[in-house]
Amino acid sequence: MIPKDMAMMHQDGFSTILMEVCKKTAKNARILNGRLRELWKKHLDRFNAEMHPIRQFNVEDARFHESSVSRAAILEQCELALVDAYWAIKMIAIALFKVVPPTLKDHFPAFRGEHDDQRFVLKIAEKFVNALMKFFAIESDIAPAHALVYGKIHAFLRVKKSMTVDEITQAMTRAGFNGLDGKISKIMMDLEQFGLVTLDGGQTDLYHHASKLILDPDQEQVMKAEFIPLIDWAINTWRSLFNIRELNTPVPETYPDHQLVTHIVSHAATQGFTTAHFCMSELKKYFRNQGST
């Protein structure tokens, strides 16, 4: 009788796709880590911001098909690389929202005006928070509340022209930002100070879009040259490394606990860190358990 562990190691369609996903993860981790180091040295070393690198590893066909245990070890490396990438994004967010603003004017004279550091934070949120809403819903303590709200509603408000406090609160809650009940009015008052919104003269809870957040030309140049590349890296990393949708594929019925594996890979249909990490972590546990039985 062929041992169960050996029977699982034949190359079926699912195992081939899983191996390719692992290879893609290793390749993307290598490319993204190299680019991150370049960006960090060029743009954030001067601020003494802490970088989190992404671990490097290789995926060899023979080792992947060797045993359930070796396959689990490769999946563990993939899982850890995803965690590293998440922390790399987190350290970029911490740098841009917490480390850079206090000394921004010391490095870039264009931002020496009053409240320029706060306008910088809002400009960062305009792209960063808007693009990675799921990340900032998890890490909501990194950016100030008014930056989170502005990052979420600025585009919608420009189109809709006006929103009530309740509508804004509901929009934030739907996006995963909890704990803002009763705080939106104060946050909108803060945004009003920057000329971004105006309070309706006849309604105390209705805010109108007033103007886009426009920086001075010199400030815009600094943003594009120094900080937008970091945000672009974070967005690209989230959308590439955490995208393993191809893993949502049929699992051969010959696999032990077939329904369990099918359930695990079904999460790959949704792109993002939480689901990608779940798939890698649970598949690691699955193959590790199969190798020990």
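For this structure, a couple of remarks:
- Thr198 assigned to a strand (DSSP E or B), of a type outside the set (A, V, I, L, M, F, W, C), at negative phi and free of Cβ contacts under 8 Å to residues at least 40 places away in the same chain: yes
- Unique match (being modelled with pLDDT under 95 and more than 27 Å from Met163 (Cβ to Cβ)) among Tyr286, Tyr207, Tyr255: Tyr255
- Pick from segment 58-71, criterion assigned to a helix (DSSP H, G or I) and among the hydroxyl-bearing types (Ser, Thr, Tyr), ranking: surrounded by the fewest Cβ atoms within 10 Å (Cβ to Cβ): Ser70
- For the condition assigned by TED's automatic domain parsing to the domain that holds Ala29 and either among the basic types (Lys, Arg) or assigned to a helix (DSSP H, G or I) (or both), Ile264 qualifies.
- Filter result (closer than 24 Å to Asp141 by Cβ, touching a residue at least 24 places away in the same chain (Cβ under 8 Å) and surrounded by fewer than 17 Cβ atoms within 10 Å (Cβ to Cβ)) within segment 153-165: Ala155
- Options Ile92, Ile74, Ile54: the member that is outside any helix (DSSP H, G or I), aliphatic (A, V, I, L, M) and at pLDDT 95 or above: Ile54
A quick yes/no check of all residues on (1) of a type outside the set (D, E, K, R); (2) surrounded by 15 or more Cβ atoms within 10 Å (Cβ to Cβ); (3) within 17 Å of His154 (Cβ to Cβ):
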position	(1), (2), (3)
Met172	yes, yes, yes
Asn178	yes, no, no
Gln193	yes, no, yes
Gln203	yes, no, no
Leu215	yes, yes, yes
Met223	yes, yes, yes
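- Any pair with Cβ under 8 angstrom, 6 or more apart, that starts in segment 170-189 at a residue that is assigned by TED's automatic domain parsing to the domain that holds Gly151 and ends at one that is small (Gly, Ala, Ser) and assigned to a helix (DSSP H, G or I): Ala175/Ala137; Gly176/Ala137; Phe177/Ala137; Leu180/Ala145; Lys183/Ala145; Ile187/Ala145
- Enumeration of residues in segment 65-82 that are touching a helix residue (DSSP H, G or I) at 6+ places or on another chain (Cβ under 7 Å) and over 14 Å from Arg288 (Cβ atoms): Ala81, Leu82
- Only one of Ala171, Ala155 that is at pLDDT 90 or above, farther than 21 Å from Leu44 by Cα, assigned to a helix (DSSP H, G or I) and among the aliphatic types (A, V, I, L, M): Ala171
- Out of Ala85, Ala137, Ala81, Ala73, one residue alone is touching a Gly at 6+ places or on another chain (Cβ under 8 Å), farther than 24 Å from Val222 by Cβ and not charged (D, E, K, R). It is Ala137.
- Residue match in segment 58-70 (condition: among the basic types (Lys, Arg), within 24 Å of Trp238 (Cα to Cα) and in the same structural domain as Ser281 (by TED's automatic domain parsing)): no
- Checking each residue in segment 122-144 for being over 17 Å from Phe156 (Cβ atoms) and free of Cβ contacts under 8 Å to residues at least 24 places away in the same chain picks out only Asp141.
- Of the criteria (1) under 16 Å from Phe128 (Cα atoms); (2) free of Cβ contacts under 8 Å to residues at least 60 places away in the same chain; (3) buried (at least 18 other Cβ atoms within 10 Å of the Cβ), which one Arg239 fails: (3)
- Pairing residues of segment 1-23 that are over 14 Å from Val265 (Cα atoms) with residues that are modelled with pLDDT of 90 or more and small (Gly, Ala, Ser), at Cβ distances under 7 Å and at least 6 apart in sequence or on separate chains, gives Asp5/Ser67; Asp5/Ser68; Met8/Ser68; Met9/Ser67.
The values are calculated or read from the model by the stated rules, or taken from the named source; none is laboratory data. Keep in mind the model is a prediction, meaning the values are calculated, not measured. As a convention, Cβ positions derive from the backbone with ideal geometry for all residues, glycine included, and neighbour counts pool all protein chains shown.
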